[in-house]
Amino acid sequence: MDKIHQRVKGGSNLLKKYPELKDKKSKVHILFLNCLLNSSGMYRVVLPYVALNNSESHKAIIGSIHKWDFNKSFEDYDNAINRELIEWADYVVLPAMTSRFEPVYKTLKGVNPKIKIILDFDRLTFVAPTVKSGINLKQKLANQIGFANLRFADMVSCSTAALADYYEKIAKVLHPEKKLEFAIVPDLISQDAFIKLPHRELQQGKKMRIGIVGTPTMAKDFEAMSAEITSFFKEHSEGAELILMGWNGKLKGIDLFKGVAIEHHKAVQFQKYYSKVHSLNLDAVLLPHSVAKRYSFGKSAIKMIELSALGIAVITDGKSNVGRLLSDGETGFLVNEKNDWKAALEEVLNNRSKVTDVGHYAQKFIWKNFSWNSFKAKLLANTYI
């Protein structure tokens, strides 16, 4: 990711910045715009870009890469696009936009009338309004810019089938006359990001290290189970310790794990994320089911995929989108009732060798099923024909 960033932002020589421009006619050309240095940038842009360029039929270019700013949207970044890139491209892939897309559409089509536009979604960016009896749903949807922008797309790509189904239903209400294509482009990992990580040290004979890895947005998810988690760590302070990365354990100033000794680690830039999590030597990680459906609906299981790829056992809600991918006691530990989190933690603590085995089998499962390979790259290439 860093290497591509340095190449794209450096100098004015187009062929040095974008060596793929040398391919003029022989392959299908994909132009990715507005790649951010965060997880979405990695899984929605960088890794698909690498997969397409490794194929025999396609070439891809990332037009710009920016440092991620939570407070910025697409239009806030400097996305000046060279005319030659637009002329070169058969497809242009952009993230979902919360502002009017029409000016961007006119610019792209004005330079290259044949270019096909793809809007990419990896989360529920726009929520359909609640409609009371007698109110026109189509008009309500049209008043939301994000949904209205769908009329400018030739294709919508989504990270999950649930998201694709959601936006397809919206599109049929808003634009029944438009033949809008939908494609599922899943979030997958790559060996390139993990290859330099050393073998993970096992913690036999020491306290079991159980982590929570995320951001402050997860605080609400842990509120309902915080009493169980707190009780467990207070009772087993000599055998287990809680490690928090990226969040301080508080919700609106209230300490959810009051009285528990916590090892805190600040969030890091995404480029350092894998190595930082790896260095924590976690035995297991708690992944709750999100209570904020506005943010969880249709999201991929990428957090579980990342952790499992590192050989870390995941403890999660068996009914969540993450839990449905795992087998209890084989590739993860599943909690099926909201008051069973303490019981799950005690099972993990009392079966350390099993935790190690689960982490190992989960790692094999993830790399076999959720990583880029030549077959998955070919499926991606077939999206753009």
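Assorted remarks:
- Hey, LEU202 at pLDDT 70 or above and either within 30 Å of ASP357 (Cβ to Cβ) or crowded, with 19+ Cβ neighbours inside 10 Å (or both) or not: no
- Residues that are surrounded by fewer than 15 Cβ atoms within 10 Å (Cβ to Cβ) and assigned to a loop (DSSP other than H, G, I, E, B), drawn from the stretch 309-349: LYS319, SER327, GLY329, GLU330, ASN336, GLU337, LYS338, ASN339
- Extreme residue, surrounded by the fewest Cβ atoms within 10 Å (Cβ to Cβ), among residues of the stretch 12-28 that are of a type in the set (A, V, I, L, M) and part of a helix (DSSP H, G or I): LEU15
- Selection from the stretch 203-244 of residues that are in a helix (DSSP H, G or I), of a type in the set (Ser, Thr, Tyr) and over 23 Å from the mean Cα position of the chain (by Cα): SER226, THR230, SER231
- The residue that is modelled with the lowest pLDDT, among those in the stretch 10-35 that are out of contact with any helix residue (DSSP H, G or I) (no Cβ under 8 Å at 6 or more places or on another chain) and closer than 14 Å to GLY63 by Cα, is SER12.
- Residue that is farthest from THR316 (Cα to Cα), among those in the stretch 253-269 that are in a loop (DSSP other than H, G, I, E, B) and within 26 Å of the chain's Cα centre (by Cα): GLN269
The values are calculated or read from the model by the stated rules, or taken from the named source; none is laboratory data. Just so you know, these numbers come straight off a predicted model, no measurement behind them. Because the Cβ atoms are built from the backbone with ideal geometry, glycine has one as well, and the counts that use them run over all protein chains shown.
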